[in-house]
Amino acid sequence: MKKENNIGHRIKTLRESIGYTQKDLAKKLNLKSETAIANYESGYSIPKDSIKLKMCEIFNCTLDYLMCKTDIETALPLDESTIFFINNIKKLSAENQKIARNLIEGLLAKQDKEKINND
């Protein structure tokens with residue numbers, strides 16, 4: 001019986017976007033034949049977790065993207081100061097988060113205006 005899922009469509013789209021055939025992907029994943037890929041794409045089976053992780057490496061995408069939990073394909077690299085900011089902004093009250101957002105938007109607008117004036 002066919003299992004309904006979106007991961008099959010996502011796998012097919014990602015595979016095609018890098019120019020791989022089902023046979024190419026099966027070989028990269030050390031699978032015996034492209035039948036497994038055809039089954040994943042058609043929704044007849046779902047890859048094991050280890051296969052999903054290998055796919056993420058091949059497709060350069062996050063597991064959440066592969067599993068259709070997000071439409072954001074790759075994770076953004078975060079530096080230490082960004083992580084600090086994110087962790088601490090969550091500690092603010094909702095009102096103070098709004099103030100922080102307005103302040104950031106104001107600073108970005110000021111920066112854009114300064115850039116235009118300097119060009």
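The values are calculated or read from the model by the stated rules, or taken from the named source; none is laboratory data. Computed from a predicted model, the values in this text were never measured in an experiment. A quick note on method: Cβ atoms are made from the backbone with ideal geometry, for glycine too, and the neighbour counts reach across all protein chains shown.
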Report summary line: Subset of segment 19-33, residues modelled with pLDDT under 95 and not small (G, A, S), comes to K32
Requested in this report: Please find, within segment 20-34, the residue that is farthest from H9 (Cα to Cα) out of those that are surrounded by fewer than 14 Cβ atoms within 10 Å (Cβ to Cβ) and polar (S, T, N, Q).
Outcome: N30
Query raised in the report: How many residues, within segment 69-118, are assigned to a helix (DSSP H, G or I) and either of a type in the set (K, R) or closer than 30 Å to K52 by Cβ (or both)?
Result: 10
Query raised in the report: Taking segment 13-48, which residues are assigned to a helix (DSSP H, G or I), within 19 Å of A75 (Cα to Cα) and out of contact with any helix residue (DSSP H, G or I) (no Cβ under 6 Å at 6 or more places or on another chain)?
Result: T13, S17
Query - Selection from segment 21-49 of residues that are under 21 Å from the mean Cα position of the chain (by Cα) and among the acidic types (D, E) - result: E41, D49
